Every structure is written in structure tokens, then in C-alpha cells.
Amino acid sequence: MAGGWTRDGAVQDQIDASIAEELERMRARSGPVGESVAECVECGEPIPEARRVALPGVKLCIDCQQERDAVYKVRPGINRRGSKDSQLK
């Protein structure tokens, strides 16, 4: 049963798209994976052994990571597709 100008299943498609986008964002932020490197990939400074052991897969020194964290902005986890029906919370 369609409501208004939408086709059947359009609301569920929007919900599924929102979930898929949020899962993709979460996977992207999961953190470092793989083997740690001895030197920072951005500035070339050595990464302390304690940091490499604590965070397996780390690729940035503490200073470069802090700069990156300061730039990061949290995005709201809402569907911005423009339909009133997409604003389901």
C-alpha cells in the first residue's frame, strides 16, 4: 500500500539505505587494522613501541592522530533524502 506520492516499499527502501550508510560509516571508523608501522606515514617520525603494541595496525604518531581527531566532525545519523517519511526516529 503506497502512501501519498511514493511507490510501494519506498519507505522501507529509505530505511534500508539509512542503515547501510550508517554501517558503512561505522566500519570506516573501526580503527587501525593490520601490522603497525615503525614510522608515521604522514610526518615520518618514529612511533613509540608502547603505542604500536597498544594499537595494532597504528600508522600515525600521536601528534598527527591528534590533528586528525581535531578535524573530525560527527555527522548526524539521520536520513537526509528530503522526504517527510524519511525522518523516522
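Ranked by how many other Cβ atoms sit within 10 Å of their own Cβ, fewest first, the residues 69, 13 fall in the order 69, 13.
Taking all Cα pairs closer than 8 Å and separated by 6 or more residues, the relative contact order of the stretch 32-73 comes to 41 percent.
The label-point distance for residue 71 and residue 11, in a model that sets each label 7 Å from Cα toward Cβ, rounds to 4.1 nm.
All of the numbers you see were taken from the coordinates with simple rules; none came from a lab. On a predicted model such as this, the values are computed, not experimentally measured, just so you know. Note: ideal-geometry Cβ built from the backbone for every residue, glycine included; neighbour counts use all protein chains shown.
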